[in-house]
1. Just list whichever of 42/200; 3/184; 3/200; 200/253; 184/251 have alpha carbons separated by over 31 Å in the model shown.
2. With a 10 Å cut-off between alpha carbons and a GNM built on the chain, which of 123, 69, 186 moves the most?
3. For a footprinting-style exposure proxy, rank 2, 249 by other Cβ within 10 Å, fewest first.
4. With springs only between Cα atoms under 10 Å, which of 34, 196, 236 fluctuates most in a Gaussian network model of the chain?
5. Enter the mean projected area of the convex hull around the alpha-carbon atoms of segment 18-103, in nm², rounded to one decimal.
6. At a Förster radius of 51 Å, what calculated FRET efficiency corresponds to the Cβ-Cβ distance of residue 88 and residue 184, to the nearest 0.05?
7. At a threshold of 8 angstrom on Cα-Cα distance, excluding pairs fewer than six apart, so keeping six or more, what relative contact order does the chain reach in percent?
8. Given segment 198-250 reduced to its alpha-carbon atoms as identical point scatterers, what log10 I(q)/I(0) does the Debye formula return at q = 0.18, 0.27 Å⁻¹?
Amino acid sequence: MLKIDAIPAFNDNYIWFIHAPDTQHVLIVDPGDAVPVFDAIKQHDLIPIAILITHGCHDHVDGIGDLLEQYDLPVYGPENEFIPHITHPLSACDELSISPHFPAFRVLDLPGHTKGHIGFLMEGCLFCGDTLFGAGCGRLHGNPAELLFRSLQQVVELPSETLIYCAHEYTEANLRFAVEIEPKNEAIRQRIVDTALMRKQGEVSLPSTLALERQTNPFLRCGQSDVNKAAERWSAQQLDSQQAVFTELRKWKDSF
């Protein structure tokens, strides 16, 4: 079984370390800052094997160059974005093998937050960058809401026990929006309590499960009557599809 650690960076980023069983080998996901990566590698005597990149925002890629000065590593990332240092450009595929130390994994095309965003699915763990957050989703950087909506529909069809490893500690803020949408949703209210306790104890609120996101994430609940009605009230218009509800929710969250 894989061991996965969150390496904090900046104010609220997480760089994920994926450890191979019974070895010191690690994969590094979205190293926006090399300093905490170097510190973690030195502290635990780790051996980096590869870098995985979900998309090209600076807080996910700015540490790559410094890491490559120290380590000769392949860099896997989206083929539809220009990201310096990518050695293995990727789009959706069912089985990709990086090293005999790690299981093969799927690559998902998850555009919307950025045009070429991808995700990595390994042994039931989804590294989804800024596509899906705890109780939220990414902003639209000039892309149509339809792109991100379709990407989230891909995610929501994964098994309910899928673990969601997103790249930011946004859960508490996102839950404040979620409860505004569904004030009677007991799962959201319980998650607010649970998340507050985790954060008070200095714990990471991630990963979540897809099952929990389905219960508490408004962007995955656009077919629910209460979510639809809330979006209609906010937008002052009738919304006749889940995609239309999603579009208005994303606008609402941007102004929240």
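Coordinate-derived values only; no laboratory data. The structure presented is a predicted model; accordingly, all values stated were derived computationally and were not measured. Note that each Cβ is placed from the backbone with ideal geometry, even for glycine, and that neighbours are counted across all protein chains shown.
1. 3/184
2. Highest fluctuation of the listed residues: 69.
3. 2, 249
4. Fluctuation is largest for 236.
5. Averaging across all directions leaves 5.5 nm² for the Cα convex hull.
6. After rounding, the FRET efficiency stands at 0.60.
7. 13 percent
8. -0.62, -0.95
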